[in-house]
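The values are calculated or read from the model by the stated rules, or taken from the named source; none is laboratory data. These figures come from a predicted structure and were not determined experimentally. So basically every Cβ, Gly included, is an ideal-geometry build from the backbone, and we count neighbours across all protein chains shown. SASA here: full protein model, heavy atoms, side chains in, ligands and nucleic acids out. Shrake-Rupley method; radii C 1.70, N 1.55, O 1.52, S 1.80 Å.
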Amino acid sequence: MNELQTILSDSVAKLLGDLATKETIQQAEDGQWPAELWDALVENGMTRILVPEAQEGAGAKWEDAHVVLKAAGEHAAPVPLAEAILAGFILGRAGIAVPEGIVTVMEGDFKLESGRLSGVARNVPWGRNATHAVAVVESGWGVETVLAPLQYARIEKGQNVAREPRDTLTFDHVVVDTAWAGLPGNAVRLYGALTRASQMAGALDYLTRQSVQYANERTQFGKPIGKFQAIQQQLAVLSTQSAAVGIAAAHAAARADKVSSGDAAAFEVAVAKVRADDASSAATSIAHQVHGAIGFTYEHGLHFATRRLWSWRTEFGSGAEWADWLGRETLARGADGLWPYVTAR
């Protein structure tokens, strides 16, 4: 990290450490909106980190956003920070002003005609709490960015395994703001996968840190269990999985900053999401084995990270879906194109 990112990392870590407490997360999972945490993130400019300065944002890069998103994942922040950051990025590219309030993102089966949106979006993060949602929709004019007010949407509440709101929104000829942004039609899924990979990298770091700490504190046969070779080996695997995801997500963020089109960063994003998906299965298993039965109790904080990892790996495309995309892209280039395709990164 550069000096700015180090400062940013320290700032967001302190903010989340103070406000994204165990009690706050539990209350959020019971349906209480964490207003103090959200307001602090807004006041510190975290939600608009990718919004251009001309639009009252921080004008930062994806590498900077990765630092914030990783910290959010590490602290299991129960707010739509990733969605707000992504929405701000898409709106900034389209030149649409970011509205006040909570803004989320959505994918769905939409029809856009004369500035009116119809269709259904499922599993929308925090749809019930948001005032607006951002989508990228194919229309007769091409691919358009859409900012939809949610006061006119029909909302059916749902949640994921982490007990985060994942709602179904239905639109019927709702008047929306639109603009062309030069983004691919799958922009929400593509950049959404990048945000989830960064969050998962943070959650994996948390699992590693907590597991090492517990192994050094828990004693058996007169010594810490971390002194046993079998536990050390498992912790080494856990650390490796965490590091690999962190590197893959950071590289994907750096690539997103270097290219003008999201399509050009799709390879790195796909690799990061696949790697995060694979790691989450192995890492959560190891972490809970090290902790024993205590890690499964609601009183212990370990499950906040593991349930989010299980949920996030299926969102904005599962690892299997992105692996399938990578395979198809590779086959399309033929045998002679494989090596240049991989090494061009």
**Q.** Answer residue from the range 19-44, given it is open to solvent by less than 30 Å² (accessible area, probe 1.4 Å) and among the small types (Gly, Ala, Ser) and is farthest from residue 3 (Cα to Cα) among those
**A.** 28
Q | residue 16 being under 19 Å from the mean Cα position of the chain (by Cα), crowded, with 18+ Cβ neighbours inside 10 Å, in a helix (DSSP H, G or I) and at pLDDT below 95 | A | no
Q: Quick one: count up the residues across the range 79-103 that are under 12 Å from the mean Cα position of the chain (by Cα) and of a type outside the set (A, V, I, L, M, F, W, C).
A: 2
Q) (1) under 17 Å from the mean Cα position of the chain (by Cα); (2) within 27 Å of residue 259 (Cβ to Cβ); (3) of a type outside the set (Asp, Glu): which one isn't true of residue 127, the others all being true? A) (2)
Q: Identify, from the list 71, 133, the residue that is modelled with pLDDT of 95 or more, within 15 Å of the chain's Cα centre (by Cα), under 27 Å from residue 308 (Cα atoms) and crowded, with 24+ Cβ neighbours inside 10 Å.
A: 71
Q) What tally of residues in the range 304-315 results from selecting those that are in a helix (DSSP H, G or I) and surrounded by fewer than 18 Cβ atoms within 10 Å (Cβ to Cβ)? A) 1
Q.
Which count do you get for residues in the range 218-247 that are open to solvent by 20 Å² or more (accessible area, probe 1.4 Å) and under 30 Å from residue 49 (Cβ atoms)?
A. 6
Q. Of the numbered conditions (1) of a type outside the set (D, E, K, R); (2) open to solvent by 40 Å² or more (accessible area, probe 1.4 Å); (3) on the phi < 0 side of the Ramachandran plot, residue 153 satisfies every one except a single condition; which is it?
A. (2)
Q: With a cut-off of at least 1 residues that are free of Cβ contacts under 8 Å to residues at least 60 places away in the same chain, name the helices (runs of 4 or more DSSP H) lying wholly within the range 23-132.
A: 35-43, 81-94
Q: For the range 174-187, indicate whether the set of residues that are among the charged types (D, E, K, R) and without any contact (Cβ under 8 Å) to a residue 60 or more places away in the chain is non-empty.
A: no
